[in-house]
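K.L.:
After the structure tokens below, expect a handful of questions from me.
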Amino acid sequence: MTEGLITTLLHHDRRNSTHGEIHAPVHTSVQYAFKTADQLVQAFEVSGNRTAIYARSGTPTVFALEDKVTLMEGGVGTVCFASGMAAISATFLSLLNAGDHLVASKYLFGNTASLLRSLARLGIDVELVDPASAGSVEAALRPATRMVFVESVSNPTTVVADLRGIGALCQLRKIPLVVDNTVLSPLLFQAKSVRAALVLNSLTKTLAGHGAGLGGSVTDLGEFDWTGFDNIAKPYRIADRSHWALVQIRKRGLRDMGGALSSEHAHSIALGLETADLRVRYTCASALRIATHLASHPAVSRVNYPFLKTHPQHEFAQSLFAGGAWLLSFSLQSGVQSFQFIDALKIPAKSTGLGCGRSLVIPVARTLFGDMSPEERELVGIDEGLIRYSVGLESTDDLVNDLDCALSEVGES
Ligand SMILES: *Cc1c(COP(=O)(O)O)cnc(C)c1O
């Protein structure tokens, strides 16, 4: 019998330990010393293979976390970063050159959308498309296209990308597909199943899970042949070709840009991983019940949740994902004040963030999308009253009651 993923993850550190310790040690050294000059030089030459040299390029504690993320994604290797945004920016900036064309979803996390505007300032030609249609991605492809980027489920609008269609298209046209899988996590969707080249995760959310550790990762899924990708520079075309992109990302995106994950945070994220599967199952069930309840409430005009039958990409979600995750967003009927409603909620923290143990609630437009004008927001599906709700680990009954009380309070006034 083959061992299940969670069992392997739970025993990973112990099986690789020297003293029988059950957690990977928290290595606080910045420097790692070698016995001879020759060994030191060799470590530099092969550091694409992850020898600890200097903590900015990774420590043994971070490498242990990278191995677990690789296992979860079914990939060939992972590079971890200090945050999800550090992983995303490093991936773009390491693999794209000025003059390249990037096809990206128009429904993206606000900070990623802002990052794309910075890429445009640096001479990368960014084209935004509807990710729910592989046809719209195909229509945008040009000879200069060097990457396609989508969120598997968009934050906060929950648009589901046509991952199968886009994956097949990118394979055919030999363009790397990069998927931000933060909202789902590898526990609900494996980007490898649609043959994505790279998958990005904000480890801060589901995987760390307690709102107590910031981190990000990029994993190569071994599905893309980098030998034909002319943006991999000669010094990084070394050793195992399935690692070329990661070597370039580790050198340019981590070593040079410096967004390194600390051993301390890698440790707390690794603790979160141990319970991620349990937490995800609980919050998926809770979120589906809450979404269904809100959708039937007269004061609510629209609920975005991929596992609701009314969701425009419900079929994609149902056929690809093991659950709908803990993220939902909704709008109230016109005339119902969203700020008043949020203030009337007693349980969720009025806070940004996702996938925390506690439920979190935030009005989206003037916070996460505050850099955009109301017209720009409308184009990307953010109406002015949109509320994002990240379902936590509280009792589902308590959350439903709290929402009902707040809705009736504002409905009556
Ligand atoms: C939160 C989030 C990020 C950024 O992650 P951080 O760890 O906060 O930097 C990126 N993409 C999505 C979809 C997110 O929800």
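K.L.:
Put +1 on the Cβ of each Lys and Arg and -1 on the Cβ of each Asp and Glu in the range 211-364; which of Ile347, Cys284, Gln313 then has its Cα farthest toward the positive end of the dipole?
P.N.:
It is Ile347, whose Cα lies furthest towards the positive end.
K.L.:
Further question on the same structure: Measure out, as a whole number of angstrom, how far apart the alpha-carbon centroids of the range 363-380 and the range 128-168 sit.
P.N.:
Spelled out, the Cα-based centre of one part sits 21 Å from the other.
K.L.:
Using 24 Å as the Cα-Cα cut-off, could you pick out the over-long pairs in Lys174/Lys234; Lys174/Lys309; Lys68/Lys309; Lys106/Lys234? Before the final figure, lay out the partial values.
P.N.:
Details: Lys174/Lys234 20 Å; Lys174/Lys309 34 Å; Lys68/Lys309 34 Å; Lys106/Lys234 33 Å.
Violating the 24 Å Cα-Cα cut-off are Lys174/Lys309; Lys68/Lys309; Lys106/Lys234.
K.L.:
Antiparallel versus total DSSP beta bridges in the chain: what percent is that, nearest 5?
P.N.:
On the way: 24 of 42 bridges.
Percentage antiparallel, nearest 5: 55.
K.L.:
Ok, one more. Expressed in whole Å with the largest first, what are the equivalent ellipsoid semi-axes of the range 58-192 derived from the C-alpha gyration tensor as the square root of 5 times each eigenvalue? Mind showing how you got there, number by number?
P.N.:
On the way: eigenvalues 111, 63, 43 Å².
Each semi-axis is √(5λ); the values are 24, 18, 15 Å.
K.L.:
Can I ask one more? Within the P(r) computed for the range 167-280, what percentage of the Cα pairs occupies the region above 25 Å? Can you show the working numbers first?
P.N.:
Numbers: 1919 of 6441 pairs.
When every Cα pair of the range 167-280 is considered, 30 percent fall beyond 25 Å.
K.L.:
Modelled label-to-label distance, Lys350 and Arg302, 7 Å Cα→beta-carbon offset: nm?
P.N.:
Placing both labels 7 Å along Cα→Cβ, they lie 2.4 nm apart.
K.L.:
On to the next question. What chymotrypsin sites (Phe, Trp or Tyr not before Pro) in the range 26-74 are in a loop by DSSP, with at most 14 other Cβ atoms within 10 Å of the Cβ? Don't jump to the answer; show the numbers that get you there.
P.N.:
Working: sites: Tyr32, Phe34, Phe44, Tyr54, Phe63; in loops: Tyr32, Phe34.
Counting only loop positions with at most 14 other Cβ atoms within 10 Å, the chymotrypsin sites (Phe, Trp or Tyr not before Pro) in the range 26-74 are Phe34.
K.L.:
Out of the trypsin sites (Lys or Arg not before Pro) in the range 135-174, which ones are loop residues according to DSSP with at most 13 other C-beta atoms within 10 Å?
P.N.:
On the way: sites: Arg146, Arg164, Arg173, Lys174; in loops: Lys174.
Filter output for the range 135-174: Lys174.
K.L.:
OK, next. 222 nm [θ] for the chain, helices only, -39500 (n - 2.57) per DSSP H run of 4+, per residue, to 500? Could you put the intermediate results ahead of the total?
P.N.:
Details: 13 runs with 151 residues, N = 413.
It lands at -11000 deg cm²/dmol.
K.L.:
Continuing with this model, one more query. Restricting to the range 156-223, what percent of DSSP beta bridges are antiparallel, rounded to 5?
P.N.:
Working: 5 of 8 bridges.
Among the beta bridges of the range 156-223, antiparallel pairing accounts for roughly 60 percent.
K.L.:
To continue, here is another question. How large is the direction-averaged shadow of the alpha-carbon convex hull of the range 232-388, in nm²? Let's see the in-between values first.
P.N.:
Details: hull surface 54.0 nm².
Average projection, Cα convex hull of the range 232-388: 13.5 nm².
K.L.:
About the Cα centre, and with charges only on the beta carbon of Lys, Arg (+1) and Asp, Glu (-1), how big is the dipole of the chain? Nearest 20 debye, please. Let's see the in-between values first.
P.N.:
Numbers: 35 positive and 40 negative charges, 200 e Å.
So the magnitude is around 960 debye.
K.L.:
While we're on this one: Over the C-alpha atoms of the chain, what are the Rg and the largest Cα-to-Cα span, Dmax, in Å?
P.N.:
For the chain, the Cα radius of gyration and maximum Cα-Cα distance read 21.6, 77 Å.
K.L.:
Based on the alpha-carbon set only, what is the convex hull volume of the range 1-126 divided per residue, in Å³? Walk me through the numbers on the way to the answer.
P.N.:
Details: hull volume 22.2 nm³, N = 126.
Convex hull volume per residue, Cα atoms: 176 Å³.
K.L.:
Select from Ser193, Ala212, Val247 the residue farthest towards the positive end of the dipole of the range 170-256; place +1 on Cβ of Lys and Arg, -1 on Cβ of Asp and Glu, and compute about the Cα centre.
P.N.:
My answer, from the dipole projection, is Val247.
K.L.:
Straight distance only, please: which lysines reach the Cα of Lys350 with their own Cα at less than 26 Å, same-chain residues fewer than 8 apart left out?
P.N.:
Lys205
K.L.:
Filter the GluC sites (Glu not before Pro) in the range 13-100 to those in DSSP coil with at most 16 other Cβ atoms within 10 Å of their Cβ, and list the result.
P.N.:
Glu21
K.L.:
Also, quick follow-up: For the range 55-132, just the Cα atoms, rotate onto the principal axes and tell me the three extents in Å, largest first.
P.N.:
Sorted largest first, the three principal extents are 38, 29, 21 Å.
K.L.:
Among Leu386, Leu172, Phe34, pick out the residue whose Cα is farthest towards the positive end of the charge dipole of the chain, where Lys and Arg carry +1 and Asp and Glu carry -1 on C-beta, about the Cα centre.
P.N.:
With unit charges placed on the Cβ atoms, the residue in question is Phe34.
K.L.:
If you don't mind, another one. Which whole-number percentage describes the relative contact order of the chain, with Cα contacts under 8 Å and a sequence gap of 6 or more?
P.N.:
Details: 815 pairs, mean separation 67.3, N = 413.
The normalised contact order for the chain reaches 16 percent.
K.L.:
Explain nothing, just the number: dipole magnitude of the range 4-99 about its Cα centre with +1 on each Lys and Arg Cβ and -1 on each Asp and Glu Cβ, in debye rounded to the nearest 20.
P.N.:
100 debye
K.L.:
Based only on other Cβ atoms within 10 Å, what is the fewest-to-most ordering of Ser331, Ser319, Ser154? Show your work: numbers first, answer last.
P.N.:
Details: Ser331 19, Ser319 9, Ser154 27.
Neighbour counts put them in this order, fewest first: Ser319, Ser331, Ser154.
K.L.:
I want the antiparallel fraction of DSSP beta bridges within the range 85-219, as a percent rounded to 5. Each step should come with its number before you reach the end.
P.N.:
Details: 5 of 21 bridges.
Antiparallel: roughly 25 percent of the beta bridges in the range 85-219.
K.L.:
Would you mind giving the average projected area, over all directions, of the Cα convex hull of the range 1-66 in nm² with one decimal?
P.N.:
On the way: hull surface 23.3 nm².
Over every viewing direction, the Cα hull of the range 1-66 projects on average to 5.8 nm².
K.L.:
Right, something else. Considering the alpha-carbon set of the range 298-379 alone, what are its Rg and its Dmax in angstrom?
P.N.:
Reported Rg and Dmax, both Å: 14.4, 38.
FYI, it's all coordinate maths here, none of it is from the lab. Keep in mind that this is a model prediction, so the values were computed, not measured. Neighbour counts are summed over all protein chains in view; Cβ atoms, including those assigned to glycine, are modelled from backbone coordinates with ideal geometry.
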